[in-house]
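Everything on this sheet refers to the single structure shown next.
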Amino acid sequence: MIKGIDRQEFEDQLKLTQEYCIQQLQHTYKNYAAIFRSINPLDDKGYTFKFKFKMLDIVPPVYATLVEWGTLPGDNEQYFDRLFEIQRTFKIKKRKLLDTGKKYKGRILACSLDETLVDGAAALASNGLLDDYNYPPIDTWFYMIRQPNKRILFSWIPDYFTFHVNKGIEVNPEECINWADVWYPDEPLFRPTY
């Protein structure tokens, strides 16, 4: 068992996030970078997320849309905490529009927010689903805990997108992202749903 988790809150926020993300899948015209970044707060510096179209230097060359942060999250811990609360509040306000009776296939991703090297490898490997900080898209965030000297962000990745996140995990040298059931195999809350 992992310390610091309010199990009921975890399950409630997971369900809300699953429902919200499934709703976003109706926007199939969006690319991987944008489909789960529908929550995009605006502040005095502009939108939190911007999207850039880039030619990837691979064989064969392909174009991808990647995420660019308007304000760097690593500069200010409170900024990230504020974003977490904004997305949570936004989804709670949308709750009445969501279908609460279904079960969804997917996995829980754990991200150690304070251990990233900001190298962009996971962003490229995941086709922009993860960003240069190795962070998952904001719509998928649902729970955060603080451990000594680090914060762990949990996000829910729909089944179809787990392949792309796996590619990001594989190239992440600092190992700051992984499936929650891999990092915490004894925690029943983290079991994938297939």
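The values are calculated or read from the model by the stated rules, or taken from the named source; none is laboratory data. Quick caveat, the model's predicted, so the values are computed rather than measured. Please note: Cβ atoms are built from the backbone with ideal geometry, for glycine as well, and neighbour counts cover all protein chains shown.
Listing for the model above:
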| quantity | calculated |
| --- | --- |
| Matching option when the condition is of a type in the set (D, E), at pLDDT 90 or above and either under 18 Å from the mean Cα position of the chain (by Cα) or crowded, with 18+ Cβ neighbours inside 10 Å (or both), among E77, E68, E11 | E11 |
| Residue among P158, P136 that is under 23 Å from Y20 (Cβ atoms), surrounded by 21 or more Cβ atoms within 10 Å (Cβ to Cβ) and within 11 Å of the chain's Cα centre (by Cα) | P136 |
| Hits in the stretch 31-51 (condition: in a loop (DSSP other than H, G, I, E, B) and touching a residue at least 60 places away in the same chain (Cβ under 8 Å)) | N31, F36, R37, S38, I39, N40, T48 |
| Which numbered condition R107 misses (of (1) under 18 Å from E11 (Cα atoms); (2) crowded, with 20+ Cβ neighbours inside 10 Å; (3) in contact with a Cys (Cβ under 9 Å, 6 or more places away or on another chain)) | (3) |
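Residue by residue, here is whether (1) of a type in the set (D, E, K, R); (2) closer than 20 Å to F51 by Cβ; (3) at pLDDT below 95 holds:
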residue: L113; (1), (2), (3): no, no, yes
residue: D119; (1), (2), (3): yes, yes, yes
residue: N127; (1), (2), (3): no, yes, yes
residue: I138; (1), (2), (3): no, yes, no
residue: R146; (1), (2), (3): yes, no, yes
residue: R151; (1), (2), (3): yes, no, yes
residue: F154; (1), (2), (3): no, no, no
residue: F163; (1), (2), (3): no, no, no
residue: N166; (1), (2), (3): no, no, no
